[in-house]
């Protein structure tokens with residue numbers, strides 16, 4: 001009788017162990033074929049960094065168990081096939097399998113170039129930079145992308161590069177989807193405002209104040225009267241006037257001239273960086289409506305009303 005009971009329990013235990021092994025194997029293969037979600041398509045693996053650290057930093061849809069399973073698979077490949085992760089810059093498309101990402105990072109860096117798009121750049125400046133990397137390029141609209149540093153896959157076409165930058169921009173803007181700014185302004189408006197700030201602002205504090213001036217003037221139905229829009233109108237977006245703006249320039253009939261037209265220009269006038277987008281969504285509030293550039297102090301001087309602005313401007317001119 002005792003032998004039968006022992007046999008029964010051994011059988012049950014064997015079934016449990018077998019079931020556990022089967023379930024583990026199923027989950028093991030599920031993890032290896034699972035589509036990963038990356039925090040960023042471009043990333044750097046530092047020298048000496050291990051797989052667990054890499055996964056925790058870059059893959060957002062992995063549990064602790066998933067990480068351990070992938071690490072077991074990686075260590076087995078390392079022992080049997082002498083495959084190990086490389087350090088360097090990598091570009092990986094989202095939604096690829098765990099085994100595929102291991103394959104990529106177990107080979108030397110697949111990024112052969114990187115490009116830094118400077119905030120405030122013109123389309124021609126960017127195109128000139130991109131022709132150093134791509135054979136066939138075209139102008140990228142200002143509102144399509146965020147000025148930043150990007151890594152380029154050696155197999156990437158210019159069209160795919162452009163589309164990736166659009167996707168990165170859209171993902172970044174989702175961070176602000178509940179921001180109060182969106183009650184009155186569209187994404188295109190954000191990039192137009194951002195481009196004005198890029199061309200006028202000097203540093204973070206200056207950009208915050210100029211941003212507040214723009215929103216205050218728009219809310220008060222005032223003309224923006226931004227010199228950069230006049231330069232854009234006069235030079236076709238090249239900003240190469242090579243002389244000071246004249247009073248007659250401010251009267252040029254052009255859709256981008258904010259001295260003549262109320263509201264925002266029809267399109268952005270430069271590329272916009274992340275920092276400036278962040279500043280816009282911070283919605284920095286002041287009572288400023290006017291500003292001018294003081295060459296002696298190398299900064300903008302802000303005022304709440306026209307009389308204050310006029311007094312400060314006259315005082316500055318007397319000092320020149």
Task: Contour excess over end-to-end distance, with Cα ends at residue 63 and residue 184 and 0.36 nm allotted per residue - done: 39.6 nm
Open item on the list: Calculate log10 I(q)/I(0) of the stretch 177-319 for q = 0.22 Å⁻¹, where I(q) comes from the Debye formula with a single equal point scatterer on each Cα and nothing for solvent.
Closed with: -1.61
TODO: Multiply the residue gap between residue 306 and residue 99 by 0.36 nm, knock off their C-alpha separation, and tell me the result in nm, one decimal place.
DONE: 68.0 nm
TODO: May I ask for the distance between the Cα centers of the stretch 29-64 and the stretch 98-128, given as a whole number of Å?
DONE: 18 Å
Task: Least to most buried among 157, 39, 122 (fewest other Cβ within 10 Å first) - done: 39, 157, 122
Open item on the list: Sort 222-231, 27-36 by packing, meaning the average of other beta carbons within 10 Å per residue, with the highest value first.
Closed with: 222-231, 27-36
Task: Estimated distance in nm for a label pair at residue 82 and residue 123, the labels positioned 7 Å out from Cα along Cα-to-Cβ - done: 5.3 nm
- [ ] Specify the inter-centroid distance of the stretch 238-278 and the stretch 201-220, based on alpha-carbon positions, in whole Å.
- [x] 15 Å
Open item on the list: Contact order normalised by length for the chain, with contacts defined as Cα pairs under 8 Å and 6 or more residues apart; what percent is it?
Closed with: 15 percent
- [ ] Between residue 136 and residue 14, with labels modelled 7 Å along Cα→Cβ, what's the label distance in nm to one decimal, could you check?
- [x] 6.6 nm
TODO: For an R0 of 22 angstrom, estimate the FRET efficiency from the Cβ-Cβ distance between residue 30 and residue 56 and round to the nearest 0.05.
DONE: 0.65
Task: Packing-based exposure ordering (other Cβ within 10 Å, fewest first) of 25, 160 - done: 25, 160
Task: the stretch 111-173, relative contact order in percent, only Cα pairs under 8 angstrom and at least six apart counted - done: 43 percent
Open item on the list: Could you list 115, 213, 37, 55 so that the one with the fewest beta carbons within 10 Å of its beta carbon is first and the one with the most is last?
Closed with: 37, 115, 55, 213
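Read the figures in this text as sums done on the coordinates, not as results from a lab. Predicted, not measured: the structure shown is a model, and the values here were computed from it. No Cβ is skipped: glycine too gets one built from the backbone with ideal geometry, and neighbour counts run over all protein chains shown.
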